[in-house]
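The values are calculated or read from the model by the stated rules, or taken from the named source; none is laboratory data. Quantities reported herein were computed from a predicted structural model and do not represent experimental measurements. Cβ coordinates were reconstructed from backbone atoms using ideal geometry, including for glycine residues, and neighbour counts include every protein chain displayed. Surface accessibility is based on the protein's heavy atoms, side chains included, excluding ligands, DNA and RNA. Shrake-Rupley method; radii C 1.70, N 1.55, O 1.52, S 1.80 Å.
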Amino acid sequence: MTTATVTLKTTNQAMPLVGLGTWKIPQSETAKVVENSIQNGYRLLDCACDYGNEVEVGKGIKAAIDTGVVKREDIFVTSKLWNTFHAREHVRPALERTLKDLDLEYLDLYLIHFPISLKYVDFETRYPPEWLYNPESDKLPTYADISIRETWEAMEELVDAGLVKNIGVANFNCSLIMDLLKYARIKPAVNQVEIHPYLAQDVLVEFCQRKDIAITAYSSFGSISYLSLFDGAKSIPSLLEDETIVKIAKKHSKTAAQVLLRWSLERQIAVIPKSGNEERLRQNIDLDFTLSKEDMDEIKKLDKGIRFNNPGAYFDCPIFG
Ligand code: NAD
């Protein structure tokens, strides 16, 4: 079982390099999956308002704590500020709702989910608010004129208030981070972005690590989570069946999934694979093997710049250029 961590330079807190992703775990299964994951050694849970299952994640955490497997301080809980809560006055209420749902007093890490601010939707109207202001009639999101600076300053106040230990960003590119670093009183601890061998993001990874910002990779297995979201994902071969990955997996007597996760760990990048299946949960944290330089060089050749989580493709919101 992999217990490796990366030290977050802002607070010196250790963040586990392997965690459980909770996007798309159905509410009915979430509490059990979270409890099982903790029993199987997971110590990081990656959550978000947008995933619509934070109440159930909270129940899973509580069950694990009640059975004595862990104490609150043994686990690292991440959540994310949704796009509709970017205004200064909405950031703290959004975090407080997440804390209430998770039944926690503090988060270890709170991320700005996307560098996109959308028109506010109040808690009574719809929660999670999702992308469209009027889901019945709108085809595109309604944007709000709120700068990242305003949102970041409100995030910093959450640290001051002791409600979150670390703050960070997700889906930020180098130039957004360069700008943020000019005024940040508290530096971002983490940038969480899509990374897999078809989208290696070498420049972004190198830049963030040089600036002491840890990287978390999401969607380590590539297209799989996006097959039901857009047709284009179906035309991209599965990374889990990629010839090179499968060959390297056989050589190490591991699965393709384990090679994809280990590839990130070799780059000091944290991973948050999602699975509700107990065998896969165990597999995804069993990553104590090493990929050789030759393995890494071969995997490097697979980089095709293919991005699956792209609001530009879904919503005419081209944040990645
Ligand atoms: P993932 O790459 O973890 O893939 C999940 C899929 O892979 C599931 O369908 C699962 O059944 C399958 N799977 C899991 N383990 C497997 C194994 N060992 N062998 C074969 N198949 C396996 O995808 P993801 O959910 O997109 O990303 C992981 C997490 O990252 C999410 O749950 C979420 O927490 C986070 N995330 C964040 C953002 C963001 O914008 N910040 C975006 C997407 C995901």
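The gain in end-to-end length when the ASP316 to GLU206 segment is fully stretched comes to 36.7 nm, 0.36 nm per residue minus the alpha carbon separation. Exposed loop sites were defined as GluC sites (Glu not before Pro) in DSSP loop states (anything but H, G, I, E or B) carrying at most 14 other C-beta atoms within 10 Å; in the chain the longest segment without such a site runs 137-321. The residues of the chain expose, per residue, 44 Å² of accessible area to a 1.4 Å probe. A Förster distance of 22 Å, applied to the separation of the beta-carbon atoms of ASP103 and GLU130, puts the FRET efficiency at 0.40.
Neighbours of ARG282, meaning other residues whose beta-carbon lies under 14 angstrom from its beta-carbon, give a summed charge of -2 when Lys and Arg score +1 and Asp and Glu score -1. Counting only Cα atoms, the range 199-286 measures 34, 33, 26 Å along its principal axes, largest extent leading. For the options ASN310, ASN191, ASN12, a Gaussian network treatment of the chain with springs between C-alpha atoms closer than 10 Å singles out ASN12 as fluctuating the most. Of the chymotrypsin sites (Phe, Trp or Tyr not before Pro) found in the range 79-163, the ones in coil according to DSSP and having at most 13 other Cβ atoms within 10 Å of their Cβ are PHE123. Note on LYS9/THR290: beta-carbon distance plugged into 1/(1 + (r/R0)^6) with R0 of 35 Å gives a FRET efficiency of 0.90.
Determine the sum of side-chain charges near LYS247: Lys and Arg each +1, Asp and Glu each -1, restricted to other residues whose C-beta is under 14 angstrom from that of LYS247.
On the way: positive: LYS250, LYS251, LYS254, LYS301; negative: GLU241, ASP242, GLU243, GLU294, ASP295, ASP297, GLU298.
Taking every Cβ under 14 Å from that of LYS247, the sum is -3.
Remark on GLN13: its backbone amide H falls under 5 Å from those of LEU8, a criterion applied only to residues 5 or more positions apart or on other chains, H modelled at 1.01 Å from N.
With one equal scatterer per alpha carbon and no solvent term, the Debye-computed log10 I(q)/I(0) for the chain at 0.08 1/Å reads -0.34. Here is the size of the range 123-180 from its Cα atoms: Rg then Dmax, 14.8, 40 Å. Per atom type, the chain shows carbon and sulfur on 49% of its accessible surface, probed at 1.4 Å.
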